1. Given B:Leu44, B:Leu48, B:Leu87, which one is within 22 Å of B:Asn220 (Cα to Cα) and either assigned by TED's automatic domain parsing to the domain that holds B:Thr249 or of a type in the set (Phe, Trp, Tyr) (or both)?
2. With respect to A:Glu195, is the statement that it is surrounded by fewer than 17 Cβ atoms within 10 Å (Cβ to Cβ) and free of Cβ contacts under 8 Å to residues at least 40 places away in the same chain true?
3. Which ones in segment A:126-136 are buried (at least 19 other Cβ atoms within 10 Å of the Cβ) and not basic (Lys, Arg)?
4. Taking segment A:146-169 as the region of interest, how many residues are facing chain B (nearest Cβ under 7 Å) and either among the hydrophobic types (A, V, I, L, M, F, W, C) or not in a loop (DSSP other than H, G, I, E, B) (or both)?
5. Does segment B:34-52 contain at least one residue that is modelled with pLDDT under 95 and of a type in the set (Ser, Thr, Tyr)?
6. Against the definition (crowded, with 19+ Cβ neighbours inside 10 Å, touching a helix residue (DSSP H, G or I) at 6+ places or on another chain (Cβ under 6 Å), farther than 22 Å from B:Asp210 by Cβ and not assigned by TED's automatic domain parsing to the domain that holds B:Arg204), how does B:Thr14 come out, yes or no?
7. Does A:Thr63 count as closer than 16 Å to A:Ala305 by Cα, of a type outside the set (A, V, I, L, M), in contact (Cβ under 8 Å) with a residue 40 or more places away in the chain and in the same structural domain as A:Ser10 (by TED's automatic domain parsing)?
8. Which condition number in (1) more than 18 Å from B:Ala246 (Cβ to Cβ); (2) surrounded by 20 or more Cβ atoms within 10 Å (Cβ to Cβ); (3) not hydroxyl-bearing (Ser, Thr, Tyr) is the one that B:Met142 fails?
Amino acid sequence: MSTTQSKERSTVKGVEGDLYELTTEHDRSEWEWPTTVWIGDNVDQAFDVISLGYDIGSTSTQTVIMGDKQPVAYSSIRTGSQTTESARKGERAILDETDALDEDSVDFSIATGYGRVNLDIVDDTITEIACHAKGANYFYGQKVRTVLDMGGQDLKAIRIDEKGKVQNFLMNDKCAAGTGRGVESFSEVLGISIEEIGPKSLAVDEDPDPVSSTCVVFAKDEASALLREGESAETVAAAYHLSLVENVVELLERVGVEPEFAITGGIAKNPGVVNRLEDTIGTEALDPDFDTQIAGAAGAAFFAAGMYLQQQG
Amino acid sequence: MTLIAGIDIGSDYTQAALVEDEELIGTGEVRTKFDLQDAVDRSLAAALEDAGTDREDVEQVIVTGDGRKTVEADDNVTQYKSIGLALNRVWPEGRTVLLMGAKNAAALKLDEEGNVMDFDENDKCAAGVGRFLSDLTRYLDMDLDELVEVTLEADDVVEELNTQCSVFAESEVISLIHENVPESHISRGVHEAIAERNSSLIRRVGIEPDVLLIGGVARNAAFVKALEEAIDTEVQVPDIAAFVPAYGTALTATAGQETDIETDFEPGEKKGGKFEQEISG
C-alpha cells in the first residue's frame, strides 16, 4: 500500500505533469528511497502508439510510458527480489495514479537493465548501454557525446553519436566503488541517508585527503577510524567522495570525454559527486530538468515505439 | 632467561609470540581495536600468561604489521621477512605461501633458506580477503564454526555467483536465500570464489610444493579445501598458522647474524593494482 507524501508540478521534456512522492512499506532500511510517480498532463490525449520501457536495475526499477514518443508517465521504485514482480509493481504504481491508462493501453513494451533477462512479460529486450545512450540523446539532444551512467551496481562511460548510437563504452559492474550501492553502503557508517551524503560532503571549508581505499569495505574502515579520531561526518563524507570521483574520472578518461557531457542514473542526483566531477574533468554536465534515473527506461520506451511501428509496417 | 617478543599488529587481530632460544614458548591473540599500543600490550600480556613468565624477562619487543612504526617497541620489521624466517624453522619445505588476513592477502615464494624470492599481494579489494568470509557469517547469520561446518558438508554449490564484490554479494546472498538455495551451497560458492581469486595471486608467484596457508583464514578448514581444489595442489597449514608472522618477528632479533636474508620487501610495495576493478567493454 502506498500513501502520498508529497505532490508537486514537474516537467519532463517539455511535458508538464504531477510528480507524486509516495511512501511504501518495505523491509530493507528505514531511509529507503520513496516510490515516485509522474503523470503528464497529456495522459488523456489520444496517441497512435503507446509504448512502455522498463529499466530493471539491481537497485531500482524505472517504468516509462510514452505516447507517440512523448513522455506520458513514469515511476521509480526499489527493485524487489523478483524482477517480474518489480516490473509489474512499476507499472501498477503508474496505473494507480491515473484512470487514463490501463494494462491494455500499451502497444509495445521493452525491458532493459540487469533484470531484463528473467522477464517474460515484455515484447522485447535491449541492452542497457543502448538504452541509456538513446535516453541521453532523447532527453539532452543530439549534441551529447559522452554519457556517464552511475547506476545502483554499475558504472558506465558511453560515447555516442548525434543519433544516440553507441560508439564505444566502458563498464565496471564488478566492484561497488563508484556505484550507488557503494555510496549507500558507505552512508551507513555515517548513519545518514544516500540523499544527504552528497550535500553533506560539500559542507566542508577545505577538502580533506581522499580516503586511500577504492574498495568500499576498506573505505568504511577508514571512515570509522576518521570518525574515532574526531573528524566530522562532513569531512569523512568529503574524503570518500573525493576518492570516488578519482575512480570515476579514471573510467571517463579511458573512454575519452567529449562535450556535451551528460550524467544519468541515480548518482546524477548527488551534488557531492557531480560538482567535484565537473571540477576535475573541467567540463560541466548538462543540467537535467528531469529525474536522471529514467534515462534507460525512456530509451527503452523510445525503441519500443519504433519497433511497434516497424512491426505494423 | 632471555625472551624475545614478536608482535604482529593486524587490522582485526594482534598476535604475540614469545621466543626463547629461537623456540616458541607462548602465544597470545587479542582483537586489535582502536588503540594499537594497547593491542600490543594486551597481546604481550596474553603471551606471557601462556608461557608463565613475566614482563621483566622480556629483553626485546619487536613489532610488525599495520602501524608498526607508531607503537613503542625495540625494533620493527617487515612482515614478509619475518614469515620467511619462521617458516624456515616450522616448515622448511614450504616454497609457496599464501598469507591471508582480514584485510590483505599475499602470495610469497621462499627458497630453501626462507628467503623471500618473490611476492604478490592484494590489499585493494575485500572480495579476496578474510573480511568477505566474516561478512558472509553476518549475511547468513551464523558464527564462523557453523559456517565452516555447513560449507564442508555442502552436497552442492550455487551455480554461479554473479557478483565478485563483497558489497554486491550481500544482496545476492539475500536473494539466493529468498530463492530457497541452501545456505551451505551459497557459502561453498563464496568460499570457492575467494579461493579462485587467490589462486590467481598464487599462480603469479608460481605454485611449488609445499604450499602453505598462514594467517587467520588458515583456521577455516572449508577455505583450505576450496583453495586445494582451486590450485589442484595439497595445501598445508602449520599448527601456528596465525602466529607465523609474530614468531618470525621475534626471530629477527637473532637472525641478522646467522642467516643471510637479502630480500626484504615492504608490504604495499608492489602497486600493480592486480585486484583493481575489472573493466569489461
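The values are calculated or read from the model by the stated rules, or taken from the named source; none is laboratory data. Just so it is clear, the model here is predicted, and its values are computed rather than measured. Here Cβ is always computed from backbone atoms with ideal geometry, including for glycine, and neighbour counts include all displayed protein chains.
1. Just a single option satisfies the conditions, and that option is B:Leu87.
2. No: the conditions fail for A:Glu195.
3. A:Ile126, A:Glu128, A:Ile129, A:Ala130, A:Cys131, A:His132, A:Ala133, A:Gly135, A:Ala136
4. Of the residues in that region, 1 qualify.
5. no
6. Spelling it out, B:Thr14 is indeed crowded, with 19+ Cβ neighbours inside 10 Å, touching a helix residue (DSSP H, G or I) at 6+ places or on another chain (Cβ under 6 Å), farther than 22 Å from B:Asp210 by Cβ and not assigned by TED's automatic domain parsing to the domain that holds B:Arg204.
7. Here the answer is yes, as A:Thr63 does meet what is asked.
8. (2)
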